[in-house]
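Down below is the structure, laid out as structure tokens.
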Amino acid sequence: MSHHFYQSEYEYRQVMSEPKINKCACGYDPNNDLLDCFRKVNRYSETSRLVCPEHNGGCGVWVQGSTKDETIAKWNRQEYEKPEDY
Ligand SMILES: [Zn+2]
């Protein structure tokens with residue numbers, strides 16, 4: 001894992017415990033592998049991206065929002081970007 005932006009696994013779990021992240025439309029559940037699926041774009045910004053990882057059995061769609069809550073809200077509304085736009 002190369003994208004550990006949080007101080008500890010504990011902090012990461014606290015940050016990610018709300019709001020609830022739904023399964024992808026393809027059936028993949030990002031909650032099973034949040035460290036891989038949920039990424040801050042950089043450590044100085046709240047902009048983040050939620051990805052359905054093709055290398056892990058997902059379909060490759062993704063969303064991006066300016067805050068964690070916005071990213072998750074877009075994901076839960078299934079406002080996905082297609083893998084080719086990644
Ligand atoms: Zn998917």
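Please list, ordered by first then second residue, the pairs with beta carbon atoms under 7 Å, 6 or more apart or interchain, first in the stretch 55-79 and aliphatic (A, V, I, L, M), second more than 16 Å from the ligand (Cβ to nearest atom).
Close Cβ pairs (under 7 Å, with a partner that is more than 16 Å from the ligand (Cβ to nearest atom)) amount to I72/P19.
Which one of these is touching a residue at least 24 places away in the same chain (Cβ under 8 Å) and either more than 12 Å from the chain's Cα centre (by Cα) or more than 12 Å from the ligand (Cβ to nearest atom) (or both): C26, C52?
Just a single option satisfies the conditions, and that option is C26.
What is the one condition in (1) at pLDDT 85 or above; (2) within 16 Å of the ligand (Cβ to nearest atom) that S66 does not satisfy?
Answer for S66: the failing condition is (2).
The values are calculated or read from the model by the stated rules, or taken from the named source; none is laboratory data. Note that this is a predicted model, so its numbers are computed, not measured. With ideal geometry, Cβ positions are generated from the backbone for all residues, glycine too; neighbour counts draw on all protein chains shown.
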